[in-house]
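The values are calculated or read from the model by the stated rules, or taken from the named source; none is laboratory data. Source: prediction; values computed, not measured. Cβ atoms come from the backbone with ideal geometry, glycine included; neighbour counts cover every protein chain shown.
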Amino acid sequence: MEAFLSSAVSVAFHGIAFGMILYVISVGLSVTMGLMGFVNLAHGVFAMAGGYVLTSSISRFGVPFPLALAFAFIAVAAGSVILERLLYSRLYGAGDLAQVLLTIGLIFIAVAVARMIFGTMQQPVILPDYLKGQILLLGRDFPAYRVFLIVFSAAMVALLWLGVERTLWGAMVRAAVDNRSMAQSVGINTRRLFTLTFALGSGLAGLGGALGAEIIAIQPTYPFENLVYFLIVVSVGGLGSLRGPFAAALLIGIADTACKYWLPQYGVFLIYVATIAVLLWRPAGLFGRRA
Amino acid sequence: MRHSGGYRADPRIRWPEWLPWIAALAGFFLLPEYLALGARILIYMLFALSLDLILGYAGIVTLGHSAYFGLGAYVAGILAAKAGVTDPLVQLGAAAAAGAAFGMLTGAIILRTKGLTLLMLTLAITSVCLEIANKATDLTGGADGLAGVVIAPILGLFRFDIFGKTAYVYCLVALFIGWWLVRRMIYSPFGTSLTGVRENAVRMHAIGAPVYWRLVLVYTFSATIAGVAGGLLTQTNQFVGLNVLSFESAGELLVMLILGGVGRIYGAFIGPCVYLIAQDLLAKQFPEYWYFGIGLLLVVVVMFARGGLLGVADRLVARWRSRP
């Protein structure tokens, strides 16, 4: 019993850490899809870019860890604005197929570029000393980095929710998600709003990729391999909502960790089956607004 | 122009439509050392044709069409390697039946949804198939692939030879039958109703068309063809690898079709031909640049040449005809 409890606590802990990372990465995708209806399959590229920025700025230039995190956020957000202005903005309202193709093209390009610059090897994450080791909580040892990860992500999530619920920008985003043409006609510049939101969402993806570099390995095939996870979070959670993907990310994080721990032979199989079942039961996701 | 099929179009076969077949036959006699590549191209043409039917005509955006291709490939392979069924036509029939059954089952489920949910479901179904193929090593060989595929002579007469002559003709015949069926379907009233669903599903509902069942039917038919294409791949390679089910191979298929042109039958012929020949020439020397090039190509086609190569050709012809 004690052994089971201990492994259950461990699974829950690691699952929550994984779920938090999934949420920080995917929340931007949920907002982009909800706001502009853009099917952005290349969202994982931003997360991968964040991971590469973090690992290489630490290992090659000796940048301190907190600064490297901030740098990952800023660099990815800035890069995403360029992509949005150059490519994405031309395909708003162009239909699913064109958007799917463009973003698959971006994935292929990103994978090739990552392989040319960094090689096929997984990038090691060099943690500062104060994030190594264990932390004693309630009589159990927990890896310090995962604790930091959960606390930091939770703080980011709280900040984001506060921003969306309490600020003028948040009110404008919510208005535009609910009814874009109405928001436009009361004078909201939805294009600029969208560029900003896109940058924020991509920056968060970069931050999530950087934070989770230890959990989700940073390697060139990242955008392909993890695409399904990000899409599951968004589609199960429901487009355009903040809370839905949060619940979905935690559920998936815990379920995935539990499956890998107790039923390794079924691997991710059960997750996919559960996703299919949920989407058949509620096609707009668990917390989706539109049926 | 992207033709809309059905009542508006003349269903008779025009002379340019015979050109691919003449080229294929000429290739058989003139380029005997490239017949293996040729058979591969023919198989992917059939596969791309099946995708064109649902993507180009019915407007179902899917990322999971490799599920049916892979299923057909594994059914044919398992029959040949494990069950001792060596007759190629029986294997192909089984691959087709498996594709049809799985296509109808999954189609009936996923076609109730649309947009992102549909895309997600197709991706999830393919991932489940990949996971099963990966884990059921007794049956599929897992990541090592399924070797030991034995193929008896076709009809007891034509042995699969080392030069790939039999395989090439065999694939050509299969492609011809597939092309004829797809063409018939597109030029029928049924095909017109599919185009109607693609253009405006709400209006099709309003005029009383059974939208859902039309989509399920065409999806099943397309999955059947994809299953046959998978079976052909197994028989010509005498091997099945896990990558037939991967997301990359679904992506590559999309690239081929987009490159040729969506919703115009012959885009599915031009695309795989250009793509696989380019891959044969370039991919081994420059693997990194190859994927970079594919990505760039996709972006360029989406941004500037939505109709693919055939769309560009159409525009050039139109400009040439309208010159003063």
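In segment B:223-261, the residue that is farthest from the other protein chains (Cβ to nearest Cβ) out of those that are over 24 Å from B:ALA58 (Cβ atoms) and modelled with pLDDT under 85 is B:SER246. Filtering segment B:10-55 to residues that are touching a helix residue (DSSP H, G or I) at 6+ places or on another chain (Cβ under 6 Å) and more than 25 Å from B:ASN237 (Cβ to Cβ) leaves only B:ILE54. The residue that is nearest to B:GLY295 (Cα to Cα), among those in segment A:187-201 that are among the polar types (S, T, N, Q) and assigned to a helix (DSSP H, G or I), is A:THR195. Condition first: aliphatic (A, V, I, L, M) and outside any helix (DSSP H, G or I). Now tell me which residues in segment B:212-267 satisfy that. Scanning segment B:212-267 gives B:VAL240, B:VAL262, B:ILE265. Just to be sure, is B:ALA39 free of Cβ contacts under 8 Å to residues at least 12 places away in the same chain and either part of a helix (DSSP H, G or I) or surrounded by fewer than 23 Cβ atoms within 10 Å (Cβ to Cβ) (or both)? No; evaluated as a whole, the condition is false for this residue.
Here A:ARG191 qualifies as of a type in the set (Lys, Arg) and in contact with a Ser or Thr (Cβ under 9 Å, 6 or more places away or on another chain). For segment A:147-179, a residue qualifies if it is more than 16 Å from the chain's Cα centre (by Cα), surrounded by 15 or more Cβ atoms within 10 Å (Cβ to Cβ) and touching a residue at least 24 places away in the same chain (Cβ under 8 Å), and the qualifying residues are A:VAL164, A:VAL173, A:ALA176, A:VAL177. Quick check, is A:ALA114 within 14 Å of chain B (Cβ to nearest Cβ), under 24 Å from A:LEU239 (Cβ atoms) and of a type outside the set (S, T, N, Q)? It is false that A:ALA114 is within 14 Å of chain B (Cβ to nearest Cβ), under 24 Å from A:LEU239 (Cβ atoms) and of a type outside the set (S, T, N, Q). Residues being of a type in the set (A, V, I, L, M), without any contact (Cβ under 8 Å) to a residue 12 or more places away in the chain and over 17 Å from B:PHE102 (Cα atoms) are entirely absent from segment B:238-258. Of all residues in segment A:1-57, those satisfying the criterion of being polar (S, T, N, Q) and either within 17 Å of the chain's Cα centre (by Cα) or closer than 17 Å to A:ALA217 by Cβ (or both) are A:SER26, A:SER30, A:THR32, A:ASN40, A:THR55, A:SER56. Do you know which of the residues in segment B:275-304 that are closer than 23 Å to B:LEU49 by Cα and surrounded by fewer than 16 Cβ atoms within 10 Å (Cβ to Cβ) is farthest from the chain's Cα centre (by Cα)? Ranking the candidates gives B:VAL300 first. As a summary of the residue check, B:VAL150 satisfies the conditions (1) touching a helix residue (DSSP H, G or I) at 6+ places or on another chain (Cβ under 9 Å); (2) assigned to a helix (DSSP H, G or I) except for the one numbered (2).
Residues checked against (1) out of contact with any helix residue (DSSP H, G or I) (no Cβ under 8 Å at 6 or more places or on another chain); (2) charged (D, E, K, R); (3) within 16 Å of B:PHE221 (Cα to Cα):
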residue	(1), (2), (3)
B:ALA83	yes, no, no
B:LEU111	no, no, yes
B:THR126	no, no, no
B:GLU131	no, yes, no
B:ASN134	no, no, no
B:LEU139	no, no, no
B:LEU157	yes, no, no
B:TRP180	yes, no, yes
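If you check A:LEU127, A:LEU136, A:LEU106 for being part of a helix (DSSP H, G or I) and either under 23 Å from the mean Cα position of the chain (by Cα) or more than 8 Å from chain B (Cβ to nearest Cβ) (or both), only one passes: A:LEU106. If the condition is being away from chain A (no Cβ under 11 Å) and farther than 12 Å from A:ALA98 by Cα, then segment B:277-307 contributes B:ILE277, B:ALA278, B:GLN279, B:ASP280, B:LEU281, B:LEU282, B:ALA283, B:LYS284, B:GLN285.
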